1. With the structure loaded, tell me whether residue A:231 is at pLDDT below 95, assigned by TED's automatic domain parsing to the domain that holds residue A:24 and part of a loop (DSSP other than H, G, I, E, B) or whether it fails that test.
2. Regarding residue A:54, is this residue of a type in the set (A, V, I, L, M, F, W, C) and over 27 Å from residue A:163 (Cβ atoms)?
3. Quick one: residue B:205 ticks every box in (1) β-branched (Val, Ile, Thr); (2) touching a residue at least 60 places away in the same chain (Cβ under 8 Å); (3) within 30 Å of residue B:126 (Cβ to Cβ) except a single one, so which number is it?
4. Which of the numbered conditions does residue B:50 fail, given that it passes all the others? Conditions: (1) surrounded by 20 or more Cβ atoms within 10 Å (Cβ to Cβ); (2) in contact with a Lys or Arg (Cβ under 7 Å, 6 or more places away or on another chain); (3) among the basic types (Lys, Arg).
5. Which members of segment A:162-202 meet the condition of being among the charged types (D, E, K, R), part of a helix (DSSP H, G or I) and in contact with a helix residue (DSSP H, G or I) (Cβ under 8 Å, 6 or more places away or on another chain)?
6. Only one of (1) facing chain B (nearest Cβ under 10 Å); (2) hydroxyl-bearing (Ser, Thr, Tyr); (3) surrounded by 18 or more Cβ atoms within 10 Å (Cβ to Cβ) is not met by residue A:125, so which one is it?
7. Restrict the check to segment A:81-89 and report whether at least one residue is of a type in the set (Val, Ile, Thr) and either surrounded by fewer than 18 Cβ atoms within 10 Å (Cβ to Cβ) or farther than 25 Å from residue A:176 by Cα (or both).
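The values are calculated or read from the model by the stated rules, or taken from the named source; none is laboratory data. Worth saying up front: this structure is predicted, and the values here are computed from it rather than measured. Cβ placement follows ideal geometry from the backbone for every residue including glycine, while neighbour counts extend to all protein chains displayed.
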Protein chains: 2
Amino acid sequence: MAKIRGYLLDLDGTVYRGERLIPGAAEAVAELRRRGRRIVFLSNKPLYSRRDYAEKLTRLGIPTPQDEVINSSLVLARFLAREAPGARVFAIGELPLLLELCRAGLELCEDPERIQYVVAAFDRTFDYRKLNIAFQALKRGARFIATNPDRTCPVEGGEIPDAAGVIAALEATTGRKVELVLGKPSEHMVRAALEVLGLSARECVMVGDRLETDIRMAKENGLIAVLTLTGVSSQEDIGTSAWKPDHVIESIAELPALDRELNERR
Amino acid sequence: MAKIRGYLLDLDGTVYRGERLIPGAAEAVAELRRRGRRIVFLSNKPLYSRRDYAEKLTRLGIPTPQDEVINSSLVLARFLAREAPGARVFAIGELPLLLELCRAGLELCEDPERIQYVVAAFDRTFDYRKLNIAFQALKRGARFIATNPDRTCPVEGGEIPDAAGVIAALEATTGRKVELVLGKPSEHMVRAALEVLGLSARECVMVGDRLETDIRMAKENGLIAVLTLTGVSSQEDIGTSAWKPDHVIESIAELPALDRELNERR
């Protein structure tokens, strides 16, 4: 078995909750880095840029350069830039996603006759006008992709509707199915993360709080799957889930101990 | 077999298309009325009041009082007024629906903690704010009903997203299913129509252009089902549909001849 050399860390529910770091997170990350482990942070949220995330982590006590953060809008923009360079794209999404697409050389477009790709994303500015533009483009044969599959996004004191609402509204009205969803648990997210780390899947551990995204992605892509109990999924949820973690930790604070244990066996 | 004494006529695609009467529609309706047949017009659209529909029919050449028109917002408002008089309701819908609810004595409410019923409807002013209010109310246990199940609404030169988009967005984000949809093909629509006519189902004919709403509703509720080919469903669609009409006519202009044929057999 290969030594463990890298960690993919989910952000919300794993490293922090809202504006508060999970206790011990800064020390755990610092200790792993001291041991030479490479770390990349992952988020499914297309609401912020990787720079925003890097700044937030740094501000909360985990100094992080922006190229050690991957989120779904970045992965989607890179996918489109590779598959369909310069394509005309209409995105139901917020400004940071639009800027990401623009930076990737794609052409933002609102004319259903000319749109080649419709992107469904988490969008707190979603409205009927956007729904109808996307609908008309999809009826005319545009491709249909999405940033992330999440039903809801946790916020202070609860949760709010996420990208699944936009995807479902388009699927129900057009009769079409979304063709590709780029965020966790997709392989595209893993590939982007491993590229940043410069490691192979079997040298890496994925740590996250959601069985159906974080743990599923790890298990489907040959990573060691670690569930942390500081977020959405609980110990009890494991029993009814199709996705079983390889290890369960109470919080990210236990990660240095798990790292030692894993590497002693190898 | 009972004599045929009443007709339930779908509007868009059956009596008119957009602002144009189907050729022969005015004459057919006048002839049926001359024979003493009672007529009620049905629409799934919650965008207009029954007065709007009556005025449009009258303007196009079919003089009609407003109580001979039934649409999904009226049926929904009456249902709520009966089942939960004075209930606190949040509707994702346009002004005519809100006014209908208000006239029925319901309390319009935007506070998720207090909302008892969430109503999903066709709404060209749908936005994330409304989606989130409905989402929060549904997460807190509010009932979940809808005006109509249509995926799309035909408009001049094409179609636009209908209530199915709103229903799907709420279902996908809350994980709940809509409990009741009031418009065609629901029995509530039939009951409201028969009440207006003062007739029983077996004395009535339903004429419409959609197999999955008009014809389905007729077959499930003991009405004679007549498909007219001036709208959405075609002769070929019948083969693949679960809902088979009892009779097919090229257009509503053939209705007086069919009425004679049906009554001669009885």
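1. Details: at pLDDT below 95: yes; assigned by TED's automatic domain parsing to the domain that holds residue A:24: yes; part of a loop (DSSP other than H, G, I, E, B): yes.
Judged against the criteria, residue A:231 is a match.
2. In short, no.
3. Looking at each condition in turn, residue B:205 falls short on (3).
4. Only one criterion is unmet by residue B:50, namely (2).
5. Step one: list which residues in segment A:162-202 are among the charged types (D, E, K, R), which gives A:162, A:171, A:176-177, A:179, A:184, A:187, A:191, A:195, A:202.
Retained after the next criterion (residues that are part of a helix (DSSP H, G or I)): A:171, A:187, A:191, A:195, A:202.
Within segment A:162-202, A:171, A:187 qualify.
6. (3)
7. We begin by selecting, within segment A:81-89, every residue of a type in the set (Val, Ile, Thr); these are A:89.
Filter once more, keeping what is either surrounded by fewer than 18 Cβ atoms within 10 Å (Cβ to Cβ) or farther than 25 Å from residue A:176 by Cα (or both): none.
Scanning segment A:81-89 turns up no residue that is of a type in the set (Val, Ile, Thr) and either surrounded by fewer than 18 Cβ atoms within 10 Å (Cβ to Cβ) or farther than 25 Å from residue A:176 by Cα (or both).
Matching residues to (1) over 24 Å from residue B:125 (Cα atoms); (2) among the hydroxyl-bearing types (Ser, Thr, Tyr); (3) under 19 Å from the mean Cα position of the chain (by Cα); (4) not assigned by TED's automatic domain parsing to the domain that holds residue A:213:
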{"site": "A:123", "(1), (2), (3), (4)": "no, no, yes, yes"}
{"site": "A:128", "(1), (2), (3), (4)": "no, yes, no, yes"}
{"site": "A:132", "(1), (2), (3), (4)": "no, no, no, yes"}
{"site": "A:139", "(1), (2), (3), (4)": "no, no, no, yes"}
{"site": "A:143", "(1), (2), (3), (4)": "yes, no, no, yes"}
{"site": "A:146", "(1), (2), (3), (4)": "no, no, yes, yes"}
{"site": "A:149", "(1), (2), (3), (4)": "yes, no, yes, yes"}
{"site": "A:153", "(1), (2), (3), (4)": "no, no, yes, yes"}
